[in-house]
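Computed from the coordinates by the stated procedures, all read-outs in this text should not be read as laboratory data. Owing to the predicted nature of the structure, the values given are computational and were not obtained by experimental measurement. Glycine also receives a Cβ, built like all others from the backbone with ideal geometry; neighbour counts cover every protein chain displayed.
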Amino acid sequence: MDSGNSLVSKADLSIEIPPFLSTAFLHAAHIFFPPTIFSLILPLTDSAESPISPFAMHELPFKPDAPWLAPLAGYSDLPFRMLCRSFGAACCVTEMVSAKGLVYGGHGTARLLTSDAGDAPLVVQLFGSEPAIFDRAMPLLLERGFTHFDLNCGCSVRKVTKGGSGSALMAKPALLLAIVEVMLRHAGPGRVGVKLRLGSAPGEKNYLDMGQRLADLGAGWLALHPRTARQLFGGAADWSAIGTLARAVSIPVLASGDLFTAETAARCLAETGCAGVMFARGALIDPMIFQRLKDILAGRESAQRTPESLAATTSLHIELARNLDGTPRALRALRAFLPRYAKGFSGIRALRQAFLQCGSWEELEDTAGRIAGLCEDAAPDDESDGPDVSDLADLSD
Ligand SMILES: Cc1cc2nc3c(=O)[nH]c(=O)nc-3n(C[C@H](O)[C@H](O)[C@H](O)COP(=O)(O)O)c2cc1C
């Protein structure tokens, strides 16, 4: 089902352009979300459909060696998605988008939906709690060319749950189903997925019942983060529930939860029999995790995490963010984010300070180049060798 970057073949381009470079090219002049971007893409397509949607050409991949990038509020923006795609992410999910924000033109919603032709296949994740709002939001998304959608039933941050959205929907099965029914009516069968938690609290685990009812309704896939809403990110993800759900429903189930390394993901796939995995915090720590999983499953040796490879990854992220976004906000966000890539290497503490002081894209690029000079065999001067996820868990879901 993995259709790859079919826009390029549809477009009948005779030159091979890596997806992220073609994207960077298209955005060099700060071209933003449709209709502008589509008007640029339109002359390249041979489809007779109108309006022509590049996203519509992609079906979604559900295979062990087709790892997804999970929805990550504050992180899974267009540049990061393109970075992950360049390392083998087979499908990406946007940051969560408020259905209400879409309908009322909320501040920041347009930015969350910035995408382009190389950014496919793509799933737009929505959150909300009112079927009537989804009824108005869905046509807006379809008009803009998006074809696949996900309902967020996993986010446990107060800001989201206090309005009855995110994981609060796990406690209201009828409402959850009503929203998905509306989404499916607009998008079509199989084009809507749902990201679930186990349930609201330990005694209220209803993921299995919900999963079966969603499959019956026509949902295309399910993703399960196997913790209860009350757990937030505490304790271990209960992968056994992923296996239970995967065996119980006829639609693909994607695993999410504590997949910090490719080896862990391979183990999760083997233990649960799920269709595929979604990397979340694991991708924020190491965007090459997608390729590593593919390597493991193909019996290949995976590339080492060296200062040079980390410097290259960091530079690529900067280039993508500069070309695809380029705002001072994006620059500020990267200053704090980028040192995470080189965590555990000796010298990173000083470099972290240097990143924080960068006032321009050029300074950011120069500082990224210094990662190659970090020492990998000396004792790390960081707090720990383990994945740095504690701050991330506080941010969302
Ligand atoms: C910073 C951050 C932001 C997240 N944002 C979202 C989101 O917008 N929507 C969602 O469904 N889950 C969100 N999640 C949850 C992840 O998609 C994922 O299910 C969770 O982190 C468990 O996977 P992991 O343990 O491998 O990180 C977020 C998690 C983190 C850490």
Task: Neighbourhood net charge (14 Å Cβ-Cβ; Lys/Arg +1, Asp/Glu -1) for residue 109 - done: +2
TODO: For region 73-98 and region 292-325, write down the distance between their C-alpha centroids in whole Å.
DONE: 14 Å
Open item on the list: Need the list of lysines near residue 159 for cross-linking: C-alpha distance under 17 angstrom, and skip anything on the same chain fewer than eight residues off.
Closed with: 100
- [ ] Mind jotting down the distance between the C-alpha centroids of region 343-370 and region 215-232, whole Å?
- [x] 39 Å
Task: Cα Rg, Dmax, region 267-310, angstrom units - done: 11.7, 36
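Quick one: which of 228-237, 300-309, 187-196 comes out on top by average Cβ neighbours within 10 Å, and what's the full order, highest first?
Values: 228-237: 16.4, 300-309: 13.0, 187-196: 22.2.
Result, highest mean Cβ count within 10 Å first: 187-196, 228-237, 300-309.
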Task: Pairwise label distance in nanometres, residue 309 with residue 267, each label 7 Å out on the Cα-Cβ vector - done: 2.0 nm
Open item on the list: Could you check the spin-label model distance between residue 178 and residue 216? Points 7 Å from the Cα along Cα→Cβ, value in nm.
Closed with: 1.8 nm
Task: Segment residue 350-residue 158, extension gain: residue separation times 0.36 nm, minus the distance between their alpha carbons - done: 65.6 nm
